[in-house]
Amino acid sequence: MHNEPICGIDLGTTNSCLALLRDGTPEPLCMEEGSAIVPSIVSRDDATGRIIVGREALNRFAAFPHHTVRSIKRLMGKETTVFLGEQGYSPEEISSFILKYLVTKGGEAIGREIRRVVITVPAYFNDAQRRATIKAGELAGLEVVRIINEPTAASLLYENVEDEDAGDEAASPYILVYDLGGGTFDVSILEIKGEIKEVLASCGDSALGGDDFDERLIAFFLRQIREQYGHDFSDDGDRALHTRLKAIAEQTKITLSDAPFARISEVAVTVVNGEPVNLDLELTRKEYEEMIADLVEQTVVKVNEALKEAHLECDDIGRIVLVGGSSRTPLVQERLEQLFERTVSFSIDPDLCVALGACVQHGLIVGEPLGHILIDVTAHSLGVKTSDSFDPESGDADFFSTIIRRNTAIPTRKAELYYSNVDNQKMVKVEVFQGESESCKENSCIGSFPYSLKPAPAGSPVITEFAYDKEGLIHITLEQKGFDNRKEVTLDIRSNRLIDPEEAAGEEKIVNYMVSKGRKLAARSDTPQKLRDELSALLDEYVAALGEGNEASIDSLEERLLELMDEIEEGAGDE
Ligand code: AMP
């Protein structure tokens, strides 16, 4: 009888995670500051002999580097001793501390002792490394029900996900798992033959991951410091500075995954001649992507190697599963999309899917009925119309620029940067579309509204952020950089309705923003009669064009209307 907690553990190089089966559904267990991700770091307090694991150990790293160890997974299966201060431990023992910490915290959360677990290992782990992992489990007082490959766990999870869009993908038995973590990269191709999943190919680089992205940023910060303060810290061996810059780099990197630029404003990262050294700069995603492009390219080379090893072409692959925190990097998704010529995104948190899959595996072993895992994802890509490409025949700007990709788990928040086209541009018409085509004409428009710009030379940047919540609302925020010019609008995606808090104080209104706003302006007594008449006439014409569905005149009328409304609002007619 199993009647015991069903538990899966992702014992990772950088981070670990524990998942439990609850009512037939695997769930990650939040343990530290609401996060399910526990740093795989162990430290020993020499004074008390206490073993410290996770975030607390991470915090001790800078102050007690000789008492603290990270990335112990790299040493698994090796006959070696790791010293935490005076005390020596085998890699299995260190790993057992992490496992013990996870199951103790997990047991406390559910009020039951966790005794049996499924643990994952990389597909390339050899026998000695696998045995060492089992030993670590035993040292933690656990029965290791099974050791499974990380890509297999991830693919198992996706098989149990209710995913309407998987149609074509599910038809192919080949799954590619792209796993880019903090310190390692693995790509595996699996074939599903009924219940059996065979790893056809597994390639990777055990010294490539998000840490390398951080190092590129650190080098960039050090160059900035050298230019500004005339001191080169790169060979200083200043550990405290490196630790601080690493934390800043990681935060910057994570910000750039969701936003088009990051502002870095840090005081006193170190001192030069008794003076504090501050970091104050802005970095765009584009600049960051140039720094890491070659690293991402190395992973693409490995993907091609894996395909070759499995004797498959890109088109043969069904599902592409993204695993590991660094696979959130937009450039990674972009490069994979170019390679596979389709949208590539993750619908399950890439940090958690290995642990969740291990938990599913445990459930299958003990015959626990598994429910479908329901996840809330965006069914279509969401974005705006931009003028990046013109149709020379019609002169139309019709380029669809994606902000939130299809199949992204919600809630989510993403931002992009767009630029004004002409000097002193008065307004932009923000048109929101959903769909997968590069051309807006082939996607569906879910709303549009005007955004007034402050006078600025052409190329004035506007940050456009989409925050998609669980209720199906997209909260759109526009902000012209460098100006006090912010606008917030909410779109209800289920009804394609625009809710503009400024105009309607939360009251829902139809997409036809122009008419209601126009009528209000036309009724304003502080507006000269001539302009009011002109506006009323334009509005009538506009409504008629809407009724006829005459796209060309709707567009040109909208433009004239917006200009006129702008003029009235700015009080330009007060002569
Ligand atoms: P893992 O080893 O799978 O836990 O992945 C950890 C790595 O993912 C670290 O290098 C993190 O800095 C990185 N990471 C986590 N979140 C993000 C994000 N949103 N964008 C880019 N990298 C991330």
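Okay, here's what the table says:
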item: Strands (runs of 3 or more DSSP E) completely within segment 26-119 that count 2 or more residues being within 32 Å of the chain's Cα centre (by Cα) and closer than 22 Å to Leu352 by Cβ; result: 41-45
item: Hey, Ala293 in contact (Cβ under 8 Å) with a residue 12 or more places away in the chain, open to solvent by less than 20 Å² (accessible area, probe 1.4 Å) and either within 16 Å of the ligand (Cβ to nearest atom) or at negative phi (or both) or not; result: no
item: Residue match in segment 369-391 (condition: modelled with pLDDT of 95 or more, open to solvent by less than 30 Å² (accessible area, probe 1.4 Å) and hydroxyl-bearing (Ser, Thr, Tyr)); result: no
item: Yes/no for Arg328 being within 16 Å of the ligand (Cβ to nearest atom) and either β-branched (Val, Ile, Thr) or closer than 23 Å to Leu352 by Cα (or both); result: yes
item: Search result, residues across segment 22-48 that are open to solvent by 30 Å² or more (accessible area, probe 1.4 Å) and away from the ligand (no atom under 16 Å from the Cβ); result: Arg22, Asp23, Thr25, Glu27, Arg44, Asp45, Asp46, Ala47, Thr48
item: Answer residue from segment 120-145, given it is modelled with pLDDT under 95 and among the charged types (D, E, K, R) and is nearest to the chain's Cα centre (by Cα) among those; result: Arg130
item: The listed residue being in a strand (DSSP E or B) and under 30 Å from Phe466 (Cα atoms), out of Ile264, Ile254, Ile248, Ile292; result: Ile264
item: Considering residues of segment 227-245 that are within 16 Å of the ligand (Cβ to nearest atom) and open to solvent by less than 70 Å² (accessible area, probe 1.4 Å) only, the residue modelled with the highest pLDDT; result: Leu245
item: When residues of segment 232-245 are limited to those that are not hydrophobic (A, V, I, L, M, F, W, C) and not in a loop (DSSP other than H, G, I, E, B), the one farthest from Leu217 (Cα to Cα); result: Arg239
item: Hey, Ile248 in contact (Cβ under 8 Å) with a residue 24 or more places away in the chain, more than 13 Å from the ligand (Cβ to nearest atom) and crowded, with 17+ Cβ neighbours inside 10 Å or not; result: no
item: In segment 334-344, residue farthest from the ligand (Cβ to nearest atom) [restricted to those that are surrounded by fewer than 20 Cβ atoms within 10 Å (Cβ to Cβ) and either under 19 Å from Pro411 (Cα atoms) or at pLDDT 90 or above (or both)]; result: Glu341
item: Selected residue (only one of Arg55, Arg70, Arg74 is assigned by TED's automatic domain parsing to the domain that holds His362, out of contact with any helix residue (DSSP H, G or I) (no Cβ under 9 Å at 6 or more places or on another chain) and within 24 Å of Val323 (Cβ to Cβ)); result: Arg55
item: Failed item, numbered, when Val301 is tested on (1) under 24 Å from Thr13 (Cβ atoms); (2) within 16 Å of the ligand (Cβ to nearest atom); result: (2)
item: Yes/no for Ile320 being under 17 Å from the mean Cα position of the chain (by Cα), more than 16 Å from the ligand (Cβ to nearest atom) and open to solvent by less than 40 Å² (accessible area, probe 1.4 Å); result: yes
item: Output for segment 174-223, where each listed residue is over 17 Å from Leu157 (Cβ atoms), within 16 Å of the ligand (Cβ to nearest atom), open to solvent by 20 Å² or more (accessible area, probe 1.4 Å) and charged (D, E, K, R); result: Asp205, Asp211, Asp212, Glu215, Arg216
item: Number of the condition not met by Thr402 [criteria: (1) among the polar types (S, T, N, Q); (2) at pLDDT 90 or above; (3) within 13 Å of the ligand (Cβ to nearest atom)]; result: (3)
item: Residue within segment 450-463 that is over 25 Å from Leu256 (Cβ atoms) and among the polar types (S, T, N, Q) present; result: yes
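The values are calculated or read from the model by the stated rules, or taken from the named source; none is laboratory data. Since this is a predicted model, take the numbers as computed values, not measurements. Note that we place each Cβ from the backbone using ideal geometry, even for glycine, and neighbour counts take in every protein chain shown. These area figures cover heavy atoms from the full protein model, side chains too; ligands, DNA and RNA do not enter into them. Shrake-Rupley method; radii C 1.70, N 1.55, O 1.52, S 1.80 Å.
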